[in-house]
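So the structure is just underneath, and the comments pick up after that.
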Amino acid sequence: MCGAVLRPKTKEAAVSFPAMSRQPPPMSQRSPYPPPQMVQPVNGQPMQRPVQHVQPMQRPQRPMPPPQMRPMPPRPQMRPPPMSQNYRVPQKVNAWQDDEEDSNSTGTANEDLPETRAGPAGPARQPSQRRPNVPAQSYALMEDKGERTNLGNTKVVMALLSEMWIINLIVICGGTYCMTFLADFQGYVDDELWNITCWWKLAWILPLPYSFICFLGLILPFRTPKFLYDESLPKRRVDNLYILTVTKGDNREAVYRSWNAHKHLERMHPCVRVHVLTDEPYFFENINCYTCPKSFTTANSKYKARALEWYRQTMRYTEHDWILHLDEESVIDDESVSRILEFIWYEHDYHWGQGVILYNQYHYWKNWFFTVADAIRVGDDLSRFQLQYSYFHRPVFGAHGSFLLTNGAVENAVTWDLGSLTEDFQFAVHAWELGYKCGKVPGLVREQSPLDLIGFLKQRRRWYVGIRRLPQFLPKMWAFFWTLGIFALFGTIASIPLGFVFKFGTPRWFGFLKDFSFCTFVYLYLIGNFIQDLDKRVNPLLLLIRIPITFILQFIASIMEASAVVYGIILPPADFDVIKK
């Protein structure tokens, strides 16, 4: 063993080791330990030497080459984070149009699951937070065996409206000509330009500015996607289309009626989400119900606007989100939703818009007076608002609170913290001030008329007072023209007995202006009910019978409208009125 002392047994046994003749082994085969040391005996006695513990030989360490650093892969370009809820003034209105990759997207960027369809406030986005007023998943994707109630005749109506501007021109101009030059009973004279009767007959032409604006909207082509949309055009990206029904929640029947009419729309496209927004304590199970808590407060808004502001902050909109606002009685069909998606994809210049609202969904013609009274609202959408959305692209006449399609960037910039009785009108005006443009949505939404006279008067009173209280010039001007309707009505009624006292003829030029205003105003009622009957697929014979009925009842409807203005002047509303429907 290495390090041991070799001791021979006898003297004769001690021999020397002869030298080896062979070559030493190569270095690779040599032992790392040193060879044993031979101890020679001294005087016959072996020499005592302490045992040495030899450490193994250490091999020299070879220098390692320095590590080679691999180059890092290029860092991918990250998109800017979505705008926050406190975003106020946009730096660039059309910022999303610069992203060509996003513009070609046709669907949602989110995973298409019931949990993700609950929106950014759902558990898929905030798994650590349980919010009792936010649904955990989308209940619209559950089994649906219910009967479709969002039926309509949208394709036929929109196809007719695209060509009806010619009919409008012929009917209004023809009616004006017949009343002015062929109706001898009116007693027009050509030998004088003015007489004493013209003073009170001025009330006849007070609605002339409104009538002329509506006439322009009726005779200009109605904007439809007939020659506008093409599959080859680049598509604007859309992540979410929220179909939002806003209701106080106390009408349980209306909430479930709206939900059942729209829940199947989530199957149309991955980006569609159907939600219902209520106020606490009204929360409905097994539907996509978002309930605004009582603890949520804003600086100015109340009621509907307050709930919309809470919903906006909860959903955290981006410029790729769109919101379709509906009232609790509003119903939209599948065809109109498809046209809304086309508007979002292809109308890159517009950031919000509206379409035509009909009032034939429930209780249509159940009360003839209210049905005819709301017919002028349809005529208003087909004339005045058609001019605004198709040609001006600015909300010079305001906006409706229902069938309001807005982009998320617009709502983040304007917000719903407005504090007005007509938050829809104020929202549109503020969006205009920030540079956002509006467009015509080629679709239809169906609602219902008020059920009683008190509800009708309160509804019109809130509109009139709310518009009049807005600080901008245009709302005050339109409220002023609305007020002139009272004097037009009283002047028309007063001219009947005065005509028997002062038997003077009316100058023909004066009568022409009066007849033009009268024909345009009456035509708004007629075309409103005609389009609604066509959408309901009414029997053609019944449709023709209702035309003279509408002509007669529109005089009573005008009195009802003027009475609502008087009601608003004498007893303005102190708060928001929710009418029964």
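Quick notes on this structure:
- With both labels modelled 7 Å from their Cα along Cα-to-Cβ, the A574 to D417 distance reads 2.7 nm.
- Dipole magnitude (debye, nearest 20) for the stretch 207-353, charges at Cβ of Lys, Arg, Asp, Glu: 280
- From the largest down, the stretch 497-550 spans 49, 21, 13 angstrom on the principal axes of its Cα atoms.
- Gyration tensor verdict on the stretch 439-562 (Cα atoms; rounded if a/c is under 1.5, prolate if a/b is larger than b/c, oblate otherwise): oblate
- The P(r) of the stretch 212-258 has a tail past 13 Å containing 76 percent of all C-alpha pairs.
- Whole-Hz Karplus values for the stretch 433-439 come out as 5, 8, x, 7, 10, 10, x Hz, taken residue by residue from phi with 6.51 cos²θ - 1.76 cosθ + 1.60 and θ = phi - 60°; glycine and proline positions read x.
- The stretch 401-478 shape via C-alpha gyration tensor axes, a/c threshold 1.5: oblate
- Contour minus Cα-Cα distance for W200 and F473 (0.36 nm per residue): 95.4 nm
- F487-L543 FRET efficiency (beta carbon distance; Förster radius 41 Å; 0.05 resolution): 0.70
- Point-charge dipole on Cβ atoms (K/R +1, D/E -1) for the stretch 291-404, about Cα centre, debye to 20: 620
- Taking a ≥ b ≥ c as the square roots of the Cα gyration tensor eigenvalues, the stretch 302-364 comes out oblate, since a/c reaches at least 1.5 and a/b does not exceed b/c.
- Site pair L182 and I170 shows an inter-label distance of 1.4 nm when each label is modelled 7 Å from Cα along Cα→Cβ.
- Multiplying the residue separation of R394 and Y303 by 0.36 nm and removing their Cα-Cα distance gives an extension gain of 30.1 nm.
- Residue-span extension gain [K155 to L453] - 0.36 nm each, minus C-alpha spacing: 103.9 nm
- With the highest mean first, a sort of the peptides 301-308, 480-487 on other beta-carbon atoms found within 10 angstrom per residue produces 301-308, 480-487.
- Cα convex hull of the stretch 336-379, projected area averaged across orientations, nm²: 4.0
Read the figures in this text as sums done on the coordinates, not as results from a lab. Predicted model only: the values in this text are computed from it and were never measured. In this analysis, Cβ positions are derived from the backbone assuming ideal geometry, glycine residues included, and neighbour counts consider all displayed protein chains.
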